[in-house]
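Taking it in order: structure first as structure tokens, then the write-up.
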Amino acid sequence: MSRRIALLGLAALMLGSAPAAAANPLDRGPIADFLNIFRGQAIPRETVAWTGKEKPGTIVVSTRQRRLYYVLGGGAAVRYGVGVGRQGFSWSGTKTVTMKKEWPDWRPPQQMLARRPDLPRYMAGGQDNPLGARALYLGSSLYRIHGSNEPETMGAAVSSGCIRMTNKDVVDLYDRVRVGTKVVVRD
């Protein structure tokens, strides 16, 4: 295991020293995501081409890609790296943003408390709160799109079904989204 970590460290150092203008195929995709996380960097937010049929203002989450897209229109979308539900907690479907909160309080659902009785029953909003800086509540479900103070979880399947974003990215999305926004979650 330590040999693998050493090799990954060497790869990260080598890639980190490459000129910015170099067209390195490892600058995008799952390997780049892993190396960014390995380096302690978040997956960068960027505007990308969009060919989907969703209307501007729609949020589309690809759990397979571990990306969230906010459709801008004109063939473009803002793409964010996200953390998604781990095995057994992944889901798909269409929801609506029914509520938005800044620095939300957290009350773990009963299902989560049954699995993790060690969790607090209530946590006030703030820097250490698992919901992070902002939360977008999805319909009457237990799921949210929310911030996280664990940027290393972006690009991973780690949650109990919620969509996690860095605090910086969730603030950006929160400012773009209105209550009533359509959210499509798919594989």
Take residue 94, project a point 7 Å from its Cα along the Cβ direction, then tell me which residues of the range 50-66 have their backbone nitrogen under 17 Å from it.
52-62
So, with points 7 Å from each Cα along the Cβ direction, the residue 141-residue 76 label distance in nm works out to 2.9 nm
Residue by residue through the range 147-164, what is 3J(HN,Hα) from phi via Karplus (6.51 cos²θ - 1.76 cosθ + 1.60, θ = phi - 60°)? Round to whole Hz and write x for glycine and proline.
x, 7, 9, 10, x, 5, 8, 6, x, 10, 9, 9, 8, 8, x, 6, 9, 9
Straight-line reach from residue 182: which aspartates and glutamates have a Cα under 14 Å away, not including same-chain ones fewer than 8 places off?
54
Eligible aspartates and glutamates near residue 168 by straight Cα distance, threshold 12 Å, same-chain separation 8 or greater
150
Whose amide H sits under 5 Å from the amide H of residue 157, counting only residues 5 or more places off or on another chain, with H placed in the peptide plane?
84
What ³J(HN,Hα) values, in whole Hz, does the Karplus curve 6.51 cos²θ - 1.76 cosθ + 1.60 give for the range 115-127 when θ = phi - 60°, with x put for Gly and Pro?
7, 10, x, 6, 5, x, 7, 8, 9, 5, x, x, 4
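Suppose R0 equals 22 Å. What FRET efficiency, 1/(1 + (r/R0)^6) with r the Cβ-Cβ distance, do residue 124 and residue 171 give to the nearest 0.05? Can you show the working numbers first?
Values: r = 19 Å, r/R0 = 0.85.
Step by step, r from the Cβ atoms, then E = 0.70.
The numbers here are math on the coordinates, done by the rules we state, and not lab data. Because the structure is a prediction, the values reported are computed rather than measured. Counting neighbours? That spans all protein chains shown, and the Cβs are built from the backbone with ideal geometry, glycine included.
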